[in-house]
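The values are calculated or read from the model by the stated rules, or taken from the named source; none is laboratory data. This is a predicted model, so every value here is computed, not measured. Cβ coordinates were reconstructed from backbone atoms using ideal geometry, including for glycine residues, and neighbour counts include every protein chain displayed. Surface areas here come from the heavy atoms of the whole protein model, side chains and all, with no ligands, DNA or RNA. Shrake-Rupley method; radii C 1.70, N 1.55, O 1.52, S 1.80 Å.
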Amino acid sequence: MKFAYFSHVWGRPGITPGERYEELWREVEDADRLGFDYAFSVEHHCTPHESWMPSPAVFCTGAALRTERIRVGPMGWVPPLRHPLHLVEEVATLDQLLGGRLEVGLASGVSRDPFLPFDADFDNRHLLTREALELLRAAFAARGAFDFDGPAHRLRDIALSFPPVQRPHPPMWVPTTNRNTLRYLSEAGAHTSSTMIVPRASMALVYRHYLDWWRGHGHASDPRIGYWTLVHVARTDAEAEERAAAHITETFAKTLRYGSVSRSRDQHAPPSRLSTTDILAGSGDLRFLLENNLVFVGSPATVADRIRAASLEGHFDTLLGEFTFGELADRHRIESMELFAHEVAPALRAFSPYAPRPQEPAYTASDEQQVAARLQALGYID
């Protein structure tokens, strides 16, 4: 497994954005010092109640100037909000600044609201995100001027000022659980991820197929599949829960506003028995979150066991852990990260949910209808 320090850069009362960014740089420095594999952030716009990170370039630049080893990237840029050539040049620049440590996340967007201030095309967001990925691949594969014909943009005789350090291009990620998109990503060699609001039983169905497709294309190494949630580690389960409880429920209920839906009355298929609606509705209840292993809180041994179980259920091999949330004291955040790095991560480094399982039949196109019905039964949301 690999481990990311993930930050939405959530704001909070009584602190300025400048002060929050100074905190962020210290957090990223700690992640680098402690051996985390990645540092990821977001691109969120016009969200004063939530994220204060509208610029992936700012995150990557600040991290580049304060770290030496950790790989850095957004998770991710939102391609429909900009001309894709701007993205190409920004990726090349940041990879040079980071000395070849950039990870490129592309997120198509979930809600229409962030698109409205930019008069951006929400309905075609998936198409525009795929176009951006194709342009990145084409631009960085070229040795000189290139042409590009996409569904929304036509470019002629384009010569970049310089390429990225990593050739043919930095690693790319597109968060999704959509089977058609995963088929495409498996061919393109792009990694993926999901979040704790997607039932892990649904994730496992599509991600096992994604892994099979990926291996079928002959890539040299397996894909990375990420999973985002909140993480807090203390010496004992009781101490971790006492420290984190109020900050977790505040984050889900007030910052992310997850609790504004009603829980489903339907009984869903095992093993999760949960739909996305159930998870959102229960996110303000720490007992619900812990009983369903939706946040990783506890002693080092407990957190390692929780992550291992969730990884097997959801078929992910990269944890996107959010360690800073609510008004959690900074000393508790640092202690949590240190315990995670020194005791949790070493227990999981050699673990992988991808171990060969010969008893599982190979996936074929004839399985499509059965998989679709199964996802619907599990409350799957694309």
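Just a few scattered comments:
- Amide proton proximity set for Thr195, modelled H, under 5 Å, gap of 5+: Trp228
- Our coupling estimate for the range 321-327, obtained by passing each phi through the Karplus curve with A = 6.51, B = -1.76, C = 1.60 and θ = phi - 60°, is x, 9, 9, 10, 7, x, 10 Hz, Gly and Pro reported as x.
- Amide H contacts under 5 Å for Gly105, placed H, 5+ residues apart: Trp77, Trp173
- Order of exposure, largest accessible area first, which applies to Tyr258, Tyr227 with probe 1.4 Å: Tyr258, Tyr227
- Simple spin-label estimate for Cys46 and Leu312 in nanometres, 7 Å along Cα-Cβ: 4.6
- Our compactness index for the range 75-195, the C-alpha radius of gyration over the empirical 2.2 N^0.38 Å, is 1.03.
- Less than 5 angstrom separates the built amide H of Val297 from those of His232, all sequence-distant by 5 or more or on a different chain.
- Evaluated with a Cβ-only charge set (Lys, Arg +1; Asp, Glu -1), the chain carries a dipole of roughly 580 debye about its Cα centre, given to the nearest 20.
- For the chain, relative contact order (Cα pairs under 8 Å, six or more residues apart, normalised by length) works out to 17 percent.
- Think of the chain as having a plus end and a minus end, set by charges on the Cβ of Lys, Arg, Asp and Glu; of Pro300, His153, Gly11, His153 sits farthest toward the positive end of this dipole.
- Accessible carbon and sulfur surface of the range 77-232 relative to its total accessible area, %, 1.4 Å: 49
- Computed label-point distance, nm, for sites His153 and Ser111 using a 7 Å Cα→Cβ extension: 2.6
- With the convex hull of the Cα atoms taken as the outline of the chain, the averaged projected area works out to 18.7 nm².
- Whole-Hz ³J(HN,Hα) from phi, Karplus 6.51 cos²θ - 1.76 cosθ + 1.60, for the range 85-92, glycine and proline x: 5, 4, 5, 4, 5, 5, 4, 4
- ³J(HN,Hα), Karplus 6.51/-1.76/1.60, whole Hz, each residue of the range 187-201, x for Gly, Pro: 6, 6, x, 9, 6, 8, 6, 8, 10, 5, 7, 8, x, 5, 5
- Working value for the range 145-279: equivalent-ellipsoid semi-axes of 37, 20, 17 Å, each the square root of 5 times a Cα gyration tensor eigenvalue, largest first.
- Here the sum of -39500 (n - 2.57) over DSSP H runs of 4 or more residues, divided by the residues of the chain, equals -12500 deg cm²/dmol at 222 nm, to the nearest 500.
- Accessible surface ranking that places the most exposed of Ile15, Ile70 first, with a 1.4 angstrom probe: Ile15, Ile70
- Under the criterion of Cα pairs below 8 Å and six or more residues apart, the relative contact order for the range 1-112 equals 25 percent.
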